[in-house]
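Enquirer: Got a structure for you, questions after.
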Amino acid sequence: MIILGIDTCGREGSLALVRSDDNSSEMLEQVSLAGRTYSAQVIPQLAAALERQKLAKDAIDLYAVASGPGSFTGLRVGIATVKALADVFAKPVVEVSVLEAMAYCSRKRGGRVVAVLDAQRAEVYVGEYEVGGDLPKLERELLMSQAEFVALLHGAETRVSTSDESVLVFLSQAGVAAELIARPSAAVIAEIGAHKLRAGITVLPELLDANYIRRSDAEIFSAPKLGIATEKK
């Protein structure tokens, strides 16, 4: 089975071609994508990778896409690309949260892990997972202020992982221990996609949507004009 993994959520992204069977996954190729130019890069880079691997466009058996949280523009590029390709070639789709992928990278140690990403504006994206098997078990994902997150952690026996040095710095200043891990690549997204496909966890292309966790600035700043409440739920 050939899997295409795509991550366009962050400042930098990647796409990967992975061959997977019931027992293992092998990365065939991974290509870095420069941020802010995803829309101009994804299709040409994918076409070039397929050519280098001597694979036809319809050789991809599964599309796995990082669904967020992250850049609103970047997310839309990755999601739209996967929707179009899956629709044209009638192949299954899997969505993978970046927080979920971070927890997956910590699975060998088992137990409960809290994955954290910098959401800017003194806020963090938080994903709480139980890990140990093939797939992390989601408890919840949410947006919190840094102060709320620190208060949540104090006195709790919790393993915290982040791929953002900025998160590590503020947690250290607050006296909270955390581990800095590499941001999961598109190859990891593809590997998780293989597990999800075997577990029957797929999504129809037309129902694929971004996991923003936070609303866009356009929604937030237009809310008062439209008479929409802006309080967090």
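Enquirer: What value, in deg cm²/dmol to 500, does the helix sum -39500 (n - 2.57) over DSSP H runs of n ≥ 4 give at 222 nm once divided by the residues of the chain?
Expert: Calculated mean residue ellipticity at 222 nm is -10500 deg cm²/dmol.
Enquirer: Could you check which residue among L62, L142, L207 shows the biggest mean-square fluctuation in a GNM of the chain with a 10 Å Cα cutoff?
Expert: L207
Enquirer: Sticking with this structure for a sec: List the residues, sorted by chain then number, that are 5 or more residues from S67 or on another chain and whose placed amide H is less than 5 Å from its amide H.
Expert: Close amide H contacts, sequence-distant or interchain: V96, S97, V98.
Enquirer: Compute the helix-to-body angle for 72-89: its Cα long axis versus the longest principal axis of the chain, expressed 0 to 90° and rounded to tens.
Expert: The angle comes out near 30 degrees.
Enquirer: So what is the relative contact order for the chain, in percent, with contacts set as C-alpha pairs under 8 Å and at least six apart?
Expert: On the way: 465 pairs, mean separation 52.8, N = 233.
Worked out over the chain, it gives 23 percent.
Enquirer: How would S32, S106 rank on accessible area, largest to smallest, probe 1.4 Å?
Expert: Most to least solvent-accessible, the answer reads S32, S106.
Enquirer: Angle check, please: helix 186-198 long axis (alpha carbons) against the longest principal axis of the chain (alpha carbons), in degrees 0 to 90, nearest 10.
Expert: 80
Enquirer: What are the residues whose amide H is under 5 Å from the amide H of E179, where those residues sit 5 or more places off or on another chain and H is modelled from the backbone?
Expert: Residues meeting the amide H criterion: V160, S161, T162.
Enquirer: Based on the Cβ-Cβ distance from E179 to A80, what FRET efficiency comes out when R0 is 30 Å, to the nearest 0.05?
Expert: With R0 = 30 Å, the Cβ-Cβ based efficiency is 0.35.
Enquirer: While we're on this one: Would you mind calculating the relative contact order of segment 1-53 from Cα pairs under 8 angstrom and at least 6 residues apart, reporting the percent as a whole number?
Expert: Numbers: 79 pairs, mean separation 15.4, N = 53.
About 29 percent, as a whole number.
Enquirer: Between their Cα atoms, which of K83/K137; K108/K196; K57/K137 are more than 22 Å away from each other?
Expert: Exceeds cut-off: K83/K137; K57/K137.
Enquirer: Tell me, what % of the accessible area of the chain is carbon and sulfur with a 1.4 angstrom probe?
Expert: Roughly 52 percent of what the probe reaches on the chain is carbon or sulfur.
Enquirer: Test of understanding: what is the full-extension gain from A151 to L204, defined as 0.36 nm times their sequence separation minus their Cα-Cα distance? Intermediate results must be reported in sequence, preceding the final value.
Expert: Details: separation 53, 0.36 × 53 = 19.08 nm, distance 3.87 nm.
Roughly 15.2 nm would be gained on extension.
The values are calculated or read from the model by the stated rules, or taken from the named source; none is laboratory data. What you see is a predicted model; the values in this text were computed from it and never measured. Heads up, the Cβs are rebuilt from the backbone with ideal geometry, glycines too, and the neighbour counts pull from every protein chain shown. SASA here: full protein model, heavy atoms, side chains in, ligands and nucleic acids out. Shrake-Rupley method; radii C 1.70, N 1.55, O 1.52, S 1.80 Å.
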